[in-house]
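Taking it in order: structure first as structure tokens, then the write-up.
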């Protein structure tokens, strides 16, 4: 399996990369880790005429904290996310999720930016970014703009990213210290996409939920921010009846495909089970 | 197809500097096998699942079927051909795979050993679970993994200067 012919570009700055993309429009694709794009090119399901390798742009790497926001460069790899002490302390759900993506070799190369920008509903980071209310910084010929993860995904592989733009960084508001969190992913084997997965971040005040954010992976053609489920849980004591209502609200917004991972009805139910498990684990981890 | 642009690449492979011209679409696995005649890294699934093509690049285990050779420009690479000790004797991992029968058909072995090498660099004393997760990107269809895990435990013990104790079954 050999990809079609393309012209290879390796810019050393974002401005240079954007200029190349602007020149070639739809015929150019940025290359980050390549572990989604290169397999598609090998299958000839993607055949960009110009490939713009972002691997030479040092400014796209790294994790930094500025006040109550953590900014992660788009070319930061899953392996680097897993190894980051800052993220382990402030946003441990990122490490938990990254460890469930693909396998060790792929995590050395696969990037956060590629994972969220590609628009593949199977990817895990998009729902997590919606759960965390992250914003994506998109850089184009006219400069930067920010789009909320919750508003970025339009359909499978269709996003708010324009052909001449690059997703350059991800900005995440740091959740309150002592927050509870969990990413629960049902998959058939290591390296598989989720049959269904749920990300939850919450805070507890005494026995009451202060805030709760819920998002779902791979149960529709986009990641799903389950705002109603989060609203139902907020202010509750996580009693069985409320949890049941929230799970039903999360299940109600799913529209999974029937495929090798199971029939649609099953995957919807599994989304509910993932929400319930993530909720239990997040509540257990929260300090009140 | 001589009109396809040829791009110069330079890399250090198993300690030797190499320089070639490649098409941009040349995958690293094809570059290693066909240009450098390093046929240790294998082409298995070609879809980044099986890990038979695993090589070491700049201190990372990578699947060379899912990288372009141009992306490895200026990189340091080690393949299974570079895993033996400098004096030609078997490395602790190679010895472990031999002693513990960590292979049957041998197809996955170059990838397994290359991956296990990086695992032990990062975690010199892994638990059995950590070994299994550490090699979860490498498929073996013969051994059921039991003896591969033992081989890696053998190598870890040898590198740590401790006695390898095979767990009772």
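Rule-based calculations on the coordinates, nothing more; no lab input. Remember, it's a predicted structure, so these values are computed and weren't measured experimentally. Heads up, the Cβs are rebuilt from the backbone with ideal geometry, glycines too, and the neighbour counts pull from every protein chain shown.
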Translational diffusion coefficient of the range A:1-107 at 37 °C, 0.692 mPa s, Stokes-Einstein with Kirkwood Rh over Cα pairs, in µm²/s as a whole number.
213
Square roots of five times the C-alpha gyration tensor eigenvalues of the range A:114-245, ordered largest first and given in whole Å, equal 28, 18, 12
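Could you give the length gained by full extension between residue B:21 and residue B:104, i.e. 0.36 nm per residue of separation minus their alpha carbon distance, to one decimal place? Don't skip to the answer; put the middle values down first.
Values: separation 83, 0.36 × 83 = 29.88 nm, distance 3.71 nm.
The span from residue B:21 to residue B:104 would gain 26.2 nm if fully extended.
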Quick one: give the max-minus-min coordinate of the C-alpha atoms of the range A:180-287 along each principal axis, largest first, in Å.
43, 26, 21
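Taking 45 Å as R0, compute the FRET efficiency from the Cβ-Cβ separation of residue B:162 and residue A:59 and round it to 0.05.
0.50
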Given the alpha-carbon gyration tensor of the range B:6-82, what are the semi-axes of its equivalent ellipsoid in whole angstrom, ordered largest first, with each equal to the square root of 5 times an eigenvalue?
17, 14, 11
At a Förster distance of 25 Å, what's the computed FRET efficiency of residue A:157 paired with residue A:99, Cβ-Cβ distance as r, to 0.05?
0.50
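Quickly rank B:109-120, A:30-41, A:92-103, A:62-73 as a protection proxy: mean count of other C-beta atoms within 10 Å, highest first.
Numbers: B:109-120: 25.2, A:30-41: 23.0, A:92-103: 21.0, A:62-73: 15.7.
Final packing ranking: B:109-120, A:30-41, A:92-103, A:62-73.
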Angle check, please: helix B:146-160 long axis (alpha carbons) against the longest principal axis of chain B (alpha carbons), in degrees 0 to 90, nearest 10.
90
Under a point spin-label approximation (7 Å from Cα along Cα-to-Cβ), what is the residue B:58-residue A:144 distance to one decimal in nm?
2.4
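Before rounding to the nearest 500, sum -39500 (n - 2.57) across all DSSP H runs of length at least 4 in chain A and divide by the residue total; then give [θ] at 222 nm in deg cm²/dmol.
Helix-only estimate at 222 nm: -9500 deg cm²/dmol.
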How high is the FRET efficiency from residue A:227 to residue B:47, r the C-beta distance, R0 45 Å, rounded to 0.05?
0.80
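Order of A:235-244, B:42-51, A:17-26 by packing, highest average Cβ count within 10 Å first? Don't skip to the end; give the middle numbers.
Working: A:235-244: 13.1, B:42-51: 20.7, A:17-26: 17.1.
So the order, starting with the most tightly packed, is B:42-51, A:17-26, A:235-244.
Given contacts defined as C-alpha pairs under 8 Å and at least six residues apart, what's the relative contact order of chain A, whole-number percent?
Numbers: 663 pairs, mean separation 45.3, N = 288.
The value is 16 percent.
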Give, in whole angstrom and from largest to smallest, the semi-axes √(5λ) of the equivalent ellipsoid of the protein assembly as shown, with λ running over the eigenvalues of the Cα gyration tensor.
37, 30, 19
Whole-Å distance linking the alpha carbon centroid of the range A:56-79 with that of the range A:250-264 is 33
Could you tell me how many degrees, from 0 to 90 and to the nearest 10, lie between the Cα long axis of helix B:109-122 and the main elongation axis, the longest principal axis, of the Cα atoms of chain B?
70
Could you work out, residue by residue across B:54-66, how many beta carbons of other chains sit within 10 Å of that residue's beta carbon, and then give the average as an integer?
4
If one takes the longest principal axis of the Cα atoms in chain A, at what angle in degrees, from 0 to 90 and to the nearest 10, does the Cα axis of helix A:240-252 lie?
30
